[in-house]
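The next block holds one structure in the form of structure tokens; read it before the comments.
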Amino acid sequence: MRKIDLLSIEFGKPLPADLFDSEGNLLLPKGHVVGHTDLRKSRNQITNGVFTRDDDADQFGNEPAPTDESDDHSSGGEKGHRGPDSKPRLKALFSQEIVGEEVGSAAETHLASTLRLDALLDQDKGHARKRPASPNYRRLGLSCLRAEAEHAAEHFGHAVDEISNVLHDVERGKSPSLSTSGEMIEQFASSVSRDPSLGPLTAAISSDDCDYLVRHGLTTSLHLMTVVSQMDYSPEEVVQAGIGAMFQDIGMIRVPRSIRLAPRALSGAERRTVERHPIYSVDMLDKTGLASPLTLMMGYQAHERCDQSGYPRRQQRDGIHPLARILAVIDVYSAVTSDRPHRKGIPPYDGILLLLEEAQAGRLDGEAVRLFLNSVSLFPLGSYVELSSGSYARVLRSNWGNHTMPVVVMLDQEGQESDVEVDLSKEDEARVVRTIDKKEVRKFCEKKKLESELAEIRAWSG
Ligand SMILES: [Fe+2]
């Protein structure tokens, strides 16, 4: 019998061979499609690990244990290379993938964490949230909003430094310290509770060209807390979800840089390595002892999809925590609108269209997309638009339930924003006709300026 790596069991797929417990009792037969409940049902039987017959071990991507007697070069081919140094090489291979962790212990820890998360899922299903999401109509005056947004952008810069340090520590094998970053997330949460526009606006104006993992973590955290603060969750839960979004990808640190930063499409094996990062995130955060189950759930389920095409558990919609369904939406939006080593980000408006398509295709949750849309609008906060009047404006606030008519501030020909908010849902004429990017705003202002200077000269020359 050969002990196999729990992480190599693929959920939603037929088992390639029989699985046994440490006593040799049959746990699950070959061909059985492993479901989420199987883990729960057999939790007492698999504490000493899961086993399969020696000859079947490689079906789970586990090379049969190189025992001295099997170390003969006669078998040729790739395996031929398993000479006397194969043991350390195999060990190196595994440890390279799971930095600083013994394969076995990671699996056991992972098992414990996910069982606790499963329990939270069940509990949460039982307590259907009473009050549906409702808009937080708190509004800061325009000058206060601008001052707070600037302050939040500064705070964003400090948070980038703090989180970068945490990730560097983790890369050096240290356990992440959540305390300081937790306080930073709390500050963001309190600013979002003062005015929900602050979340998306801060995410849009912060221009730090920092590590993608840091930036992605912070912007998704800001967006998620903005949405959750308008749902039936306590301020503590808003922060826990925010920390969960912030560190959802900390497990990516265990994915080799050569794969994580590859400027090309990944191979099947590389993709499977990447698909382990939610489990690594749960392990790493759980070990800090500071992460609540709700925090762990965010990274654990951000890549699950409502049509079971996600990972790591191929969950159905009901098996995905409601806040993780929202984080999945925000994660996709932030990822596709950000510049990456191998491609440029798409415009915010196109990012929203992509979310609607993913919801239509049943992969993302329609209700979650709607909640996100209510907080960022079809023309995302902080982005620029051209109105039917020909003037340019910047989107400042969303209008709950009215995604095409946000609140804007007009731009003058110098590109300066006016101090008057215009709620397009209350305007008869003015409508958004198209989105424009920042660069075009500059060109527009120059053109307008030239036009007025020309008009002046013509008027003078009669
Ligand atoms: Fe992720």
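Please label the shape of segment 128-376 as rounded, prolate or oblate, based on the square roots a ≥ b ≥ c of the eigenvalues of the alpha-carbon gyration tensor (a/c under 1.5 means rounded; beyond that, a/b larger than b/c means prolate, else oblate).
Numbers: a/c = 1.36, a/b = 1.18, b/c = 1.16.
Rounded.
So how much slack lies between Gln316 and Glu456, counting 0.36 nm per residue of separation and subtracting their Cα-Cα distance, in nm? Present the calculation step by step, with values, prior to reporting the outcome.
Numbers: separation 140, 0.36 × 140 = 50.40 nm, distance 6.53 nm.
Once the chain is fully extended between Gln316 and Glu456, it gains 43.9 nm.
At most 13 other Cβ atoms within 10 Å and a DSSP loop assignment: could you name the GluC sites (Glu not before Pro) in segment 188-283 that fit? Don't skip to the answer; put the middle values down first.
Numbers: sites: Glu236, Glu237, Glu270, Glu275; in loops: Glu275.
Filter output for segment 188-283: empty list.
In what order, largest first, do Asp318, Asp21, Asp169 sit by accessible area if the probe radius is 1.4 Å? The partial results should precede the final answer.
Numbers: Asp318 100, Asp21 10, Asp169 40 Å².
The ordering from most to least exposed comes out as Asp318, Asp169, Asp21.
Quick one: if you stick a label point 7 Å off each Cα along the C-beta vector at Arg271 and Lys438, how many nm between them?
With each label point 7 Å from Cα toward Cβ, the separation is 3.4 nm.
Using a 1.4 Å probe and counting only protein heavy atoms, arrange Cys144, Cys445, Cys210 so the residue with the most accessible area comes first. Walk me through the intermediate numbers first.
Values: Cys144 70, Cys445 15, Cys210 35 Å².
Solvent-accessible surface, decreasing: Cys144, Cys210, Cys445.
What figure, in Å² to the nearest 10, do you get for the accessible area of Val407 with a 1.4 Å probe and non-protein molecules left out?
In the full protein context, Val407 sits at about 10 Å².
Whole number in Å², please: accessible area per residue of segment 314-431, 1.4 Å probe, ligands, DNA and RNA not counted.
I get 42 Å² per residue for segment 314-431.
Roughly how many Å² of Tyr384 are accessible to a 1.4 Å probe, to the nearest 10?
In the full protein context, Tyr384 sits at about 40 Å².
Can you give the extra length, in nm with one decimal, that the chain gains between Ala262 and Ser418 once fully stretched, where that is 0.36 nm per residue apart less the Cα-Cα distance? Could the numbers behind the result be given before it?
Details: separation 156, 0.36 × 156 = 56.16 nm, distance 4.38 nm.
Gain in length upon complete extension: 51.8 nm.
With unit charges on the beta carbons (Lys and Arg positive, Asp and Glu negative) and the dipole taken about the Cα centre of segment 386-434, which residue among Ser398, Leu424, Val409 sits farthest to the positive side?
Farthest towards the positive pole: Ser398.
For segment 128-376, what % of the accessible area comes from carbon and sulfur atoms, probe 1.4 Å? The partial results should precede the final answer.
Details: 5130 of 9860 Å².
Roughly 52 percent, rounded to a whole number.
Would you work out which of Ser377, Met297, Gly366 lies farthest towards the positive end of the dipole of segment 237-385, given +1 charges on the beta-carbon of Lys and Arg and -1 on that of Asp and Glu, about the Cα centre?
Met297
At Val33 and Lys13, where each label point lies 7 Å from the Cα along Cα→Cβ, what is the point-to-point distance in nanometres?
Distance between the two pseudo-spin positions: 1.5 nm.
Kindly rank 159-165, 356-362 from highest to lowest mean number of other beta carbons found within 10 Å of each residue. Provide the component values of the computation, followed by the final result.
Details: 159-165: 18.7, 356-362: 14.9.
Final packing ranking: 159-165, 356-362.
What figure, in Å² to the nearest 10, do you get for the accessible area of Ser425 with a 1.4 Å probe and non-protein molecules left out?
Ser425 has an accessible surface of roughly 50 Å² with all protein chains in place.
The values are calculated or read from the model by the stated rules, or taken from the named source; none is laboratory data. Source: prediction; values computed, not measured. Because the Cβ atoms are built from the backbone with ideal geometry, glycine has one as well, and the counts that use them run over all protein chains shown. Accessible surface is based on the protein model in full, side chains and every heavy atom, while ligands, DNA and RNA are left aside. Shrake-Rupley method; radii C 1.70, N 1.55, O 1.52, S 1.80 Å.
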